[in-house]
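Asks: Okay, here's the structure, questions in a sec.
Every number in this text was worked out from the coordinates using simple rules, so none of it is lab data. Please read all numbers here as calculations on a predicted model, not as lab measurements. Here the Cβ positions follow ideal geometry from the backbone for every residue, glycine too, while neighbour counts run over all protein chains shown.
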Amino acid sequence: MPKAVQVNPNPYVPVRGHDIITFFGEKIIEGSEINIYNQAGEQIKKIKINYTNNSVKWNAKNYEGNKVASGIYIYTLETPAGSIYKGKLGIIR
């Protein structure tokens, strides 16, 4: 059974040519939200999904438009029905 949400590439490594992170899966639907947290548990980005194509892209920047630092990030996907799915994402700068 496929995961509710997957991330590609993971880890994200810009020096390898990675320029965008894609979240995809059957639960990424209109009305869902992806929340991204740093290791301190601070929310650094919220992505609201306003369309239905089972994927969403993130440029690895925070709310202020700055590139996020290297590290492990936690993401959650919350569906309109209230289901929450969690995962980890590595960023190596």
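Asks: Please find, among N35, N53, the residue that is in a loop (DSSP other than H, G, I, E, B) and at negative phi.
Replies: The conditions single out N53.
Asks: Just name the residue that is surrounded by the most Cβ atoms within 10 Å (Cβ to Cβ) out of those in region 1-18 that are in contact with a Leu (Cβ under 8 Å, 6 or more places away or on another chain) and outside any loop (DSSP other than H, G, I, E, B).
Replies: Applying the filter and picking the extreme gives Y12.
Asks: With respect to Y51, determine if the residue is over 12 Å from the mean Cα position of the chain (by Cα), within 19 Å of V5 (Cβ to Cβ) and of a type in the set (F, W, Y).
Replies: In short, yes.
Asks: Working carefully through the options I21, I28, find the one that is in contact (Cβ under 8 Å) with a residue 24 or more places away in the chain, of a type outside the set (G, A, S), in contact with a Leu (Cβ under 8 Å, 6 or more places away or on another chain) and closer than 17 Å to Y85 by Cα.
Replies: Every option except I28 fails the conditions.
Asks: Right, next: What are the residues in region 25-62 that are closer than 16 Å to K88 by Cβ, surrounded by 14 or more Cβ atoms within 10 Å (Cβ to Cβ) and not polar (S, T, N, Q), if any?
Replies: Passing the criteria: G25, I34, I36, Y37, I44, K45, W58, A60.
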